[in-house]
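A short worksheet on the structure shown next.
A short reminder: the numbers here are calculations on the coordinates, not readings from a lab. All of these numbers come straight from a predicted model, not from anything done at the bench.
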Amino acid sequence: MTEQVLAAIDGSQFSEGVCDYAAWASLAMDAPLTFVHVVDNHSEVPEEQNLSGNLRFGARERLMKELSDLDEQRAKVNREQGKLMLEAAKERAIEDGVSDPVTRQRNGTLVESLLELEKDMRLLVLGKRGETAHQSSGHLGSNLERVVRELHRPILMVPKTFKRPEKILMAFDGSKTARKGVEMLARSPLFAGTECHVLIVGAETAEHRSELEWALSTLREAGHQAEGAIRAGEVDEALQAYEKERSIDLLVMGAYGHSRIRHLLVGSTTTAMLRGSRIPVLILR
């Protein structure tokens, strides 16, 4: 199957942003677009509840039957809501210029469903938070954390409102895999015509200056306007400060070796950058 842009939608306020960014990516990469909605009908009834101790003979059986019927009704409603969401997403993508978006509905958990679809992904687009996440700006859903950790495809995490990216910032650490990320960014049709920035977070050393110059030269040779900097400090704070200074539209990060950037993504501070970022974050794997 042709690798596609896969957009995961739900009932959250981020779904419109997911639709628009997914349509932009699909058109830019000339890749098919598929919207997926996952119905998770896991029962909310805690196992530790003892429904038999205080009930007459037969009452527990009747109660469990009623709970089962309610679960079935809820599952049906969830499926119907999901179908409406998918249809709305398809119509929005067509309005954005995508010719033939596909919709899929699956039962199960989000992470497991995405892992099953991973082999056909070229890019996964997700909202910053799902519909069950707390709405405070500092919260990031546990589902998204698991997706970032477990999938091995590029993941674009997006805000509620779409803005066509014109200025891109790449977090760079000079490693072999980071260089592959720069080369990918340089040749990707997703970023054709964009202004590219590269930031190394660390000390101002000859080695870092050499690494930065290599990254900028690679981008310029591919036709990009490129500039960059070396900044001291914590990775997430330095990136966020640079974003604001230069009015960056999209941040590119990667899981690079054992660097500080990798620890930001897969260590104890996994969500620090994702929580604080006001712009889309593309995670390269």
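Here are the numbers for the structure shown:
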{"quantity": "Amide hydrogen neighbours beyond the local backbone of Q4, cut-off 5 Å, H modeled", "calculated": "M121, R122, L123"}
{"quantity": "Built amide H within the under 5 Å cut-off of V201, gap 5+", "calculated": "F172, R231"}
{"quantity": "Violating pairs (Cα-Cα greater than 25 angstrom) within the set K76/K128; K90/K119; K90/K163; K90/K180; K119/K167", "calculated": "K76/K128; K90/K180; K119/K167"}
{"quantity": "Longest to shortest principal axis, alpha-carbon extents of region 62-127, angstrom", "calculated": "52, 26, 19"}
{"quantity": "Using θ = phi - 60° and Karplus 6.51 cos²θ - 1.76 cosθ + 1.60, couplings along region 233-240 (whole Hz; Gly, Pro as x)", "calculated": "x, 6, 4, 5, 5, 5, 5, 5"}
